[in-house]
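One structure is given below, encoded as structure tokens.
What follows draws every value from the coordinates through simple rules; no lab data is involved. Everything numeric in this text was worked out from a predicted model, so none of it was measured. Backbone-built Cβ (ideal geometry, glycine too); neighbour counts: all protein chains shown.
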There are 2 protein chains.
Amino acid sequence: MQAHVPVPLRTLFLDTHDVARLIGILGLPACLRGLAGTLRTDYLRWPDFDKAARIAAYSEQGTIELMPITDGTHYSFKCVNGHPGNGRRGLPTVMAMGALLDCDTGMIRLLGELTLTTALRTAAMSALAAQVLARRDSHSMALIGNGAQSDFQALAFACLLGIRDLRLYDVDRGASERLARNLAGAELPGRPLSVRICDSAAQAVRGADIVTTVTAFQGRARVLDAHLVEPGMHLNAVGGDCPGKTELDPDILRRADVFVEFPPQTRKEGEIQQMPADFPVTELWRVLAGDAPGRTRTEQVTLFDSVGFALEDYSALRFLQVQAEAHQVGTWVDVTPGQTDPRDLYGWLLGAMQDLPALAS
Amino acid sequence: MQAHVPVPLRTLFLDTHDVARLIGILGLPACLRGLAGTLRTDYLRWPDFDKAARIAAYSEQGTIELMPITDGTHYSFKCVNGHPGNGRRGLPTVMAMGALLDCDTGMIRLLGELTLTTALRTAAMSALAAQVLARRDSHSMALIGNGAQSDFQALAFACLLGIRDLRLYDVDRGASERLARNLAGAELPGRPLSVRICDSAAQAVRGADIVTTVTAFQGRARVLDAHLVEPGMHLNAVGGDCPGKTELDPDILRRADVFVEFPPQTRKEGEIQQMPADFPVTELWRVLAGDAPGRTRTEQVTLFDSVGFALEDYSALRFLQVQAEAHQVGTWVDVTPGQTDPRDLYGWLLGAMQDLPALAS
């Protein structure tokens, strides 16, 4: 980790403490707003991106996925797992890392954690979608599933949509109590949060303007029955995000207008994997760009079938890069040998071996 | 980069100085032998691996590729670029990084440079193939193309096959002179190397037992004409490794018995991209396993159409992991938050923000 190579070849490394520090410096609300702004800007450039569904390796215990994307200027990828049984071992269900490269040289500019960052960008993306899909007068949200992602969802909706009335439900009441404790301590500008733990999904959902589902259920779950959905609701379906894992009753999908990130991926991974291949959906970027209608009627039920798309990690990495450089957070590392003559890799190796004190001893 | 999380969640980070140091500790010959041994062991487990051709993003200046693979126990990927014009900017043509994960938890065990490592594993792989394909009495090798990879090819063939007579050719004589200087300083067990710079490919190839082509030519190059190929030669074709980039006259392919790593990838990227889709090839792993013949006749022309397969990076990462842990090389980093309660990512973030001196000021 020493400074032996010319600066232009070095890579900015952000570990999870660096990202926490950056969030601390910016403040979480500013961080969520900044991320949502970057996401919006990048989604408006949708046609610029070379898009592909993620590449997954499945094992009995879970999945490991690679999510690459490029706009011809930068290239990013994320490597992320999903292991539902990890909680029982005291490990996070989802862990991620990623990198940002320059397309014109292939240089690795940024390398870092994306676990914390994924939680933030997913929440910022949900809030960005709700800004164009939820009713403008929304002030209450039911939060079904109160695990690691739920705090960030609650705070993003509080910061970006002014949601102040939160109703929590989880099959494990302890999870809701944990979330409620964290939210009670959150310092937000404006009105304080009202947080209520509910005894059922039905109780949480009744009268809510927005319903966010973000459970860790495996298989075809029904965390929300169709009869609970009320006219005018916006549904933010976050938890159904891989083949075989869904949260919603298909009747809800038939009743709602469904908005998605990247249709080829969402049809494999999202709630709409339960529907026929031609089930009508609207790409969210078109709504953001004003090319397609979002919410058109007060009583309309809108649904953001969120699965998490590579573009969002691209945006998050770009946001981290700009902010980390501005605030001098992170460590510069040498992932690439910095030989003066690019052809002389072996010569560089000889020099690097000689430079090392451990070899002199 | 501080030690705030339980050890089991930490990731071993190897920068390029760490890898150089490890090579220095082991010695380059032992490193090449160890890598070749790991490659052999893993190739013998070929059916255990979930294999896919790499995923490439193409731009005008070059390519960036992801190469994932798993055997159900470990998962690895490499991110590697190929930018032929980088040399003119003083940058390496090829740079790479990668990671090794546990399949049963998704935990990132190793993260590191793979530029230097790729040069080593490619050379070790070439030598491993030549061990079963070249004539047993081989002692001379022509090396066409004397760039960053060539030193490692020369040393791997010297260390693993006992090659002592090297004939160098490059369109840029300066490149050959650079290589000759490096090889003159190489300390190898046994007989010294004889190194000769040639004025043409023809001069280098005449009478050689092995011919290695490892040029950076773009497009359909002809670095070796068919009439130069002599009975009994083994050809190690390293440079043709992406769509549109080949080094050999198709007549050579028709005359030789062709051995490949992973046919679906080699048919897109290797020399055989010039041939029909049913052009006969033998998978190298079958030869290593004794399931298919390698060289059967002295006068046979054998050709290893090397493109570099993800399995080789898996082997290299496993080798690095074992050796780095044994010799305590590298840095333990936190790519993953280490919260005590996996559900309480936000609680971890609050704690991590408070821990940081920069926030207290």
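Here is how the numbers come out for the structure above:
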| item | result |
| --- | --- |
| Proxy reagent accessibility, fewest Cβ within 10 Å first, across B:E187, B:E177, B:E247 | B:E187, B:E177, B:E247 |
| Qualifying lysines (Cα of each under 26 Å from Cα of B:K245; at least 8 residues distant if same chain) | A:K51, B:K51, B:K78, B:K268 |
| Calculated log₁₀ intensity ratio I(q)/I(0) where the Debye formula runs over C-alpha points of region A:87-128, q = 0.18, 0.28, 0.29 Å⁻¹ | -0.69, -0.92, -0.93 |
| Cβ charges +1 (Lys, Arg) and -1 (Asp, Glu), total dipole of the protein assembly as shown, debye | 200 |
| Most positive-pole-ward Cα, A:P189, A:M95, A:T41, against dipole of chain A from beta carbon charges | A:P189 |
| Residue order, fewest to most beta carbons within 10 Å, for A:H83, B:H227 | B:H227, A:H83 |
| Residue order, fewest to most surrounding Cβ atoms within 10 angstrom, among A:V205, A:V195 | A:V195, A:V205 |
| Cα gyration tensor category, rounded, prolate or oblate, for region B:1-134 with a/c compared to 1.5 | rounded |
| Value in Å of the Kirkwood radius, where region B:127-308 supplies the Cα pairs that are averaged | 16.1 |
| Highest-MSF residue in chain A out of A:P342, A:P243, A:P293 [GNM, Cα springs under 10 Å] | A:P342 |
| Contour excess over end-to-end distance, with Cα ends at A:R254 and A:T296 and 0.36 nm allotted per residue | 13.4 nm |
| Debye, to nearest 20: dipole size of region A:134-308, +1 on Lys, Arg Cβ, -1 on Asp, Glu Cβ | 260 |
| Chain A, dipole about Cα centre (Lys/Arg Cβ +1, Asp/Glu Cβ -1), debye to the nearest 20 | 800 |
| Inter-chain shielding of A:60-72 (mean C-beta neighbours from other protein chains, 10 Å cut-off) | 4 |
| Compactness relative to 2.2 N^0.38 Å, alpha carbon Rg of region A:206-291 | 1.05 |
| Calculated label separations, B:H327, copies of the chain, 7 Å along the beta-carbon direction, nm | 3.9 |
| FRET efficiency estimate (nearest 0.05) - Cβ-Cβ, A:D341 to B:S200, R0 35 angstrom | 0.90 |
| Degrees between helix A:345-355 axis and first principal axis of chain A (Cα, 0 to 90, nearest 10) | 80 |
| Alpha-carbon centroid distance for the pair region B:183-253 / region A:246-261, whole angstrom | 60 |
| Where N is the number of residues in the protein assembly as shown, Cα Rg divided by 2.2 N^0.38 Å | 1.03 |
| Surface/4 of the Cα convex hull for region A:224-361, nm² | 15.4 |
| Most positive-pole-ward Cα, A:I64, A:T336, A:A142, against dipole of chain A from beta carbon charges | A:A142 |
| Residue of B:G34, B:G174, B:G308 that the Gaussian network model of chain B assigns the largest fluctuation, springs spanning Cα pairs under 10 Å | B:G174 |
| Inter-copy label distances at B:R89 (7 Å, Cα→Cβ; nm, one decimal) | 4.1 |
| For B:V171, label point 7 Å along C-beta direction: distances to other copies, nm | 6.5 |
| Peptides ranked, highest mean first, by Cβ atoms within 10 Å: ranges A:25-31, B:333-339, A:218-224 | B:333-339, A:25-31, A:218-224 |
| Fraction of beta bridges assigned by DSSP in region B:151-296 that are antiparallel (%, nearest 5) | 10 |
| Counting DSSP beta bridges with both ends in chain B, the antiparallel % (nearest 5) | 50 |
| Euclidean distance of C-alpha centroids, region B:290-321 and region A:118-139, integer Å | 51 |
| Global geometry of chain B, whether rounded, prolate or oblate, following the gyration tensor of its Cα atoms and the 1.5 cut on a/c | prolate |
| Segment B:R222-B:E187, extension gain: residue separation times 0.36 nm, minus the distance between their alpha carbons | 9.2 nm |
| Using alpha-carbon coordinates, inclination of helix B:16-26 to the longest axis of chain B, degrees | 70 |
| Overall dimensions of region A:300-348 as given by Cα atoms, namely Rg and Dmax in Å | 19.6, 67 |
| C-alpha long axis of helix B:150-161 to longest principal axis of chain B, angle in ° | 80 |
| Cβ-derived FRET efficiency at R0 60 Å, B:I55 paired with B:H139, nearest 0.05 | 0.90 |
| A:R173 versus B:Q328: modelled label distance in nm, points set 7 Å from Cα along the beta carbon direction | 5.1 |
